Every structure is written in structure tokens, then in C-alpha cells.
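Undergrad: Take a look at this one; I'll ask things after.
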Amino acid sequence: MRLAIRFTYHERHTLQRRLDTTETFVESASSYYQKGVLVSEEKDEYAPETCCHCGGLGCLYCNKSGTVMVLQPSRKCRHCGGDCCIYCGYTGWERPLRE
Ligand SMILES: [Zn+2]
Ligand SMILES: [Zn+2]
């Protein structure tokens, strides 16, 4: 019986500690958010990169602009390494923005 009581006390104590930790985490996370440190995870960031197919001269695949919008951090296409293929829409970049 004494064992059972002790176990319950220990369990409650552990649970309380866990709750305290969670509250602290949520508090600091929301204060970070208010300061604008955390940005929305839904907002993808794109930046213009030189089209690998035309080297910036402008072609069919970059709408004659010479650049393509690529998801940041930008990487060369893993299928062709920048040589242009169907996977990168002939831009040479990984995950280019498609309109
Ligand atoms: Zn191009
Ligand atoms: Zn490619």
C-alpha cells in the first residue's frame, strides 16, 4: 500500500514537471513569434537564378527573362546537375517555380 502511494506521488510529480517544461516552451516560442524571429513555414522563399539552358540570354524555358525563380536555398538539379532535363523543366535548377 505504501508502495502504491509512493508510486502515485512520483508519477504526479513527473507529470507536473513535464507540464512546466511544456508551458515554458510554448511561452518562449510565442514570444519569439511576437518578435518576428520565426517566419511562417508556409511561405516558401524564391530567388532569381540564371537559367542554365540559355545562360541568361533568354529562352523558352525561362520566359525569355534569362532567370528562373528557384526555391531557396537554391540547388542545381539533382538529375542533370545543371545540364537541363525534364525534371527541372530545362532550367538546370532544383525546384524551380512553375506558373
Ligand atoms: Zn533560359
Ligand atoms: Zn535537370
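Where a number appears in this text, it was derived from the coordinates with a stated rule and is not lab data. Predicted, not measured: the structure shown is a model, and the values here were computed from it. So basically every Cβ, Gly included, is an ideal-geometry build from the backbone, and we count neighbours across all protein chains shown.
Undergrad: Go through the stretch 46-95 and give me each residue that's touching a residue at least 40 places away in the same chain (Cβ under 8 Å) and more than 8 Å from ligand 1 (Cβ to nearest atom).
TA: If the condition is that a residue be touching a residue at least 40 places away in the same chain (Cβ under 8 Å) and more than 8 Å from ligand 1 (Cβ to nearest atom), then TYR46, GLU49, GLY92, TRP93 are the ones that fit.
Undergrad: Quickly run through the stretch 56-70 and pick out the residues that are within 15 Å of ligand 2 (Cβ to nearest atom) and either part of a loop (DSSP other than H, G, I, E, B) or basic (Lys, Arg) (or both).
TA: CYS59
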